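Encoded as structure tokens, the structure appears first; notes follow it.
The values are calculated or read from the model by the stated rules, or taken from the named source; none is laboratory data. All values derive from a computational prediction rather than experimental measurement. Neighbour counts are summed over all protein chains in view; Cβ atoms, including those assigned to glycine, are modelled from backbone coordinates with ideal geometry.
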Amino acid sequence: MTLKKENKILLALDEEFIAHALEFHLEKAGYSFDWAPNTAEALKRLFYNSYSLALLDIDMSEMDGVDVLKRLRNSGCNAALIIMTAQGNDNIAVACMKGGATDYIAKPFEMGDMMQRIEQALFNRKDFLEKQRLEQEKTDFVSMLSHDMKNPLTAAIGCIGITKEGCLGTINNEQSEYLQSAIDSCKEVAFMIDNLLNVYRFNADMTQLSAQPCDIEDIIAPSLSKFDHLAKHKKITLISEIEAELPKVTIDKNAFIRSIDNLLANALKFSSEGGKISVSCYSLTQKMALKMIVPNYAAKRVESLLSDHKRFVRFSVRDTGPGIPLEDQESIFKRFTQSRYNGVCHVGVGLGLAYCKLATEKMEGVIWVDSKLGQGSKFIMLLPVLEKESGSRIDA
């Protein structure tokens, strides 16, 4: 754990005897350090120099110690901060930790204990900065996907589309089919990028869902139409059974559309030529919903939903794919996870279902899968019919 010369320490205290004692032990341990005998000098040094750690005496009289902490954190100073005081009590300790202190020690202190605290604070700071660096790399990567990759894909789709339409010269049916396959592949990659961005924003608390009362059948129809061409291209039958005059549900329209699209895209991906995809949506009373068979991983949430609401809308997408092993049925809703039945993993990054779960739960609903090997899969989304139909904002 020992971190030595690369870490510079500032001693911000006005008691010369304690400062010299600390200097002696820090020098012996191999640390470099400076001494600031007053608050103004300490702030100046911390604002304009790079320190790994500062020992701050909260009792220096020029300025309130908690205010000093706030000013340092607001300035962007990332040094570890250990607070020293002769007036130790729980209230001061809590105020200091809320203000951004790394640790708190009362005077008089034992020098061996202080040196251990310094070493631990430096270790924790290094660990924090590494996590911060990795988080920044993730943010940069997501930004790169959003701009450097998605924008060229959109341009490529446009160029291929122009060629396919014969604007650059006559093309035959075989060429048109190959060009359409290229467009579909580009769209699939763009779709995966969108899922990655959306899941990232959910997990980073950067997404706010705007819930409004919606006629759900008006949302489902365009999605079905959008996937009808792809289904015909793969010689897959796409059918729907949508109950007439469904009750309104309070949802974020865009999040629900993205969830439907993800479920339909999955169904197409895993269904072979000649297969069938069935989409259904109908309303349920609480009594009817109680009869549903729900897997263990979704049971608690369904139970809570049934206790809070009287009516529901049940949306499902069923395919004739290979099915999902029972042991994989909970994990497929996690990020970057796919079922690998018979060692086969289809193209994708395992984010579509993760997005569906995050979005559905933010809209007060629940999603699960009913599947048996060799008998396809059925993904079920249960949403409450809310009594109030006024719009509200859902913080993701």
* Asked: Considering region 267-285 alone, what residues qualify as being surrounded by 15 or more Cβ atoms within 10 Å (Cβ to Cβ) and not hydrophobic (A, V, I, L, M, F, W, C)?
  -> K269, S271, G275, K276, S278, S280, Y282, S283
* Name, by its number, the condition in (1) among the charged types (D, E, K, R); (2) under 27 Å from the mean Cα position of the chain (by Cα); (3) surrounded by fewer than 18 Cβ atoms within 10 Å (Cβ to Cβ) that does not hold for R258. => (3)
* Asked: Failed condition for F270, given (1) closer than 19 Å to R311 by Cβ; (2) touching an Asp or Glu at 6+ places or on another chain (Cβ under 7 Å), with all others met?
  -> (1)
* What's the number of the condition I9 fails, among (1) modelled with pLDDT of 90 or more; (2) of a type in the set (V, I, T); (3) exposed (fewer than 14 other Cβ atoms within 10 Å of the Cβ)? -> (3)
* Scan region 336-373 for residues that are polar (S, T, N, Q), within 20 Å of the chain's Cα centre (by Cα) and at pLDDT 90 or above and jot them down. => T360
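For (1) under 15 Å from P222 (Cβ atoms); (2) not β-branched (V, I, T), each residue gets a yes or a no:
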| position | (1), (2) |
| --- | --- |
| T250 | no, no |
| N254 | yes, yes |
| D261 | yes, yes |
| N266 | no, yes |
| K269 | no, yes |
| E273 | no, yes |
| S278 | no, yes |
| C281 | yes, yes |
| M288 | no, yes |
* To do: Tell me, please, whether a residue that is small (G, A, S) and at pLDDT below 90 can be found in region 233-242.
  => no
* To do: Those residues that are surrounded by 17 or more Cβ atoms within 10 Å (Cβ to Cβ) and either out of contact with any Ser or Thr (no Cβ under 7 Å at 6 or more places or on another chain) or of a type in the set (S, T, N, Q) (or both), I need them from region 72-99; list them, please.
  => L72, C77, I83, M84, T85, A93, A95, C96, G99
* Looking only at region 225-242, count how many residues are in a helix (DSSP H, G or I) and in contact (Cβ under 8 Å) with a residue 24 or more places away in the chain. => 5
* To do: Report, by residue number, each residue of region 222-238 that is buried (at least 17 other Cβ atoms within 10 Å of the Cβ) and of a type in the set (S, T, Y).
  => S223
* Of all residues in region 100-135 being of a type in the set (G, A, S) and within 21 Å of E15 (Cβ to Cβ), which is surrounded by the fewest Cβ atoms within 10 Å (Cβ to Cβ)? -> G112
* Candidates V199, V249, V279, filtered to the one that is closer than 22 Å to Y355 by Cβ, β-branched (V, I, T) and touching a Ser or Thr at 6+ places or on another chain (Cβ under 7 Å) -> V279
* Asked: Looking only at region 142-197, which residues are exposed (fewer than 11 other Cβ atoms within 10 Å of the Cβ) and either in the same structural domain as K232 (by TED's automatic domain parsing) or outside any helix (DSSP H, G or I) (or both)?
  -> C167, L168, G169, T170, N172
* Asked: Restricting region 293-316 to residues that are without any contact (Cβ under 8 Å) to a residue 24 or more places away in the chain and more than 25 Å from the chain's Cα centre (by Cα), which is farthest from L382 (Cα to Cα)?
  -> S307
